[in-house]
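The values are calculated or read from the model by the stated rules, or taken from the named source; none is laboratory data. In this text the structure is predicted, and so the values were computed from the model without any measurement. Positions of Cβ are backbone-derived with ideal geometry, glycine not excepted, and every protein chain shown enters the neighbour counts. Surface accessibility is based on the protein's heavy atoms, side chains included, excluding ligands, DNA and RNA. Shrake-Rupley method; radii C 1.70, N 1.55, O 1.52, S 1.80 Å.
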Amino acid sequence: LHEQLYRYADDLQLMIERNTELAADNDELRESSERLLESREELDAILQTSLDIHLITDAAGGILQANPASRALASAEKLQHSNLGDWVEAAHMADFVALHSNVLRGHLCPEQGVELHLRRDDTQRPPLIVTARVLAVRRGDNLRHLHWILRDVTYLRETEFETRIASMVFKNAMEGVMITDVEGEILAVNGAFSTITGYSASEALGRRPSFLASGHQSPDFYQAFWSS
């Protein structure tokens with residue numbers, strides 16, 4: 001009887017120790033779950049407030065979820081019933097297909113992304129120019145979904161284009177053109193300026209336009225000119 005009681009006591013002690021271990025494991029799991037939930041909430045908040053377009057698609061490109069920034073393209077309702085490829089303009093379809101295929105094969109997306117032109121639901125607006133990056137979200141060997149990050153660079157590309165056009169006009173204008181700062185110091189001149197005045201760019205830069213004064217106008221003329 002004593003031996004049996006000792007065995008019961010030993011078994012009870014083991015059960016208590018095991019229960020203590022399970023309680024500790026349960027507390028750790030609960031804390032981990034709370035941390036994961038907090039991380040998920042933070043990620044959702046970032047996606048909801050991000051200026052970049054975030055799209056979640058299946059492996060075929062079917063859009064499952066879109067953040068508010070995607071309204072620059074179309075409403076969430078229209079996006080969620082379409083394939084991302086349907087929004088890519090024909091001239092950029094080959095780049096989209098290559099990016100999509102490479103990610104499915106496990107290749108890393110280029111760090112700088114791939115530039116794509118996307119049509120908008122509002123056909124009166126110009127295409128949306130984006131740099132696209134995509135992350136393959138996997139669980140083990142199974143692909144769960146694709147996370148597309150599309151950064152709107154439309155304004156940047158338009159500004160670059162306008163700058164190139166302005167530069168071409170500046171260089172090829174028949175009229176002599178000089179650019180000064182607000183104090184009047186010459187920052188740039190075009191070719192026609194040198195042809196008309198006889199001064200090369202290196203001779204003009206850093207000087208004030210007053211070095212071109214002919215002496216035929218009075219100081220009052222120039223004062224009125226600069227005031228205007």
* the stretch 45-59: number of residues that are assigned to a helix (DSSP H, G or I), touching a helix residue (DSSP H, G or I) at 6+ places or on another chain (Cβ under 7 Å) and of a type in the set (Val, Ile, Thr) -> 0
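Conditions tested, residue by residue: (1) touching a helix residue (DSSP H, G or I) at 6+ places or on another chain (Cβ under 9 Å); (2) more than 24 Å from GLU158 (Cα to Cα); (3) hydroxyl-bearing (Ser, Thr, Tyr).
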residue	(1), (2), (3)
LEU43	no, yes, no
GLY61	yes, yes, no
LEU64	no, yes, no
SER70	yes, no, yes
SER82	no, yes, yes
PHE96	yes, no, no
GLN112	no, no, no
HIS117	yes, no, no
GLN124	no, no, no
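Matching residues to (1) small (Gly, Ala, Ser); (2) at pLDDT 90 or above:
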| residue | (1), (2) |
| --- | --- |
| HIS2 | no, no |
| ASP27 | no, no |
| ASP52 | no, yes |
| ALA69 | yes, yes |
| GLY85 | yes, yes |
| PHE96 | no, yes |
| LEU99 | no, yes |
* Applying the selection to the stretch 48-96, what residues are open to solvent by 60 Å² or more (accessible area, probe 1.4 Å), out of contact with any strand residue (DSSP E or B) (no Cβ under 7 Å at 6 or more places or on another chain) and among the polar types (S, T, N, Q)? -> GLN48, THR49
* Pairs, please: C-beta under 8 Å, at least 6 apart or cross-chain, first residue closer than 17 Å to PRO126 by Cβ and in the stretch 142-167, second open to solvent by 40 Å² or more (accessible area, probe 1.4 Å) and aliphatic (A, V, I, L, M)? -> ASP152/LEU51
* Asked: Filter the stretch 130-151 for residues that are open to solvent by less than 40 Å² (accessible area, probe 1.4 Å) and within 10 Å of the chain's Cα centre (by Cα); which is nearest to SER101 (Cα to Cα)?
  -> ALA132
* Structure fact -> Filter the stretch 187-215 for residues that are within 15 Å of TRP226 (Cα to Cα) and in a helix (DSSP H, G or I); the one that is least open to solvent (accessible area, probe 1.4 Å) is PRO209
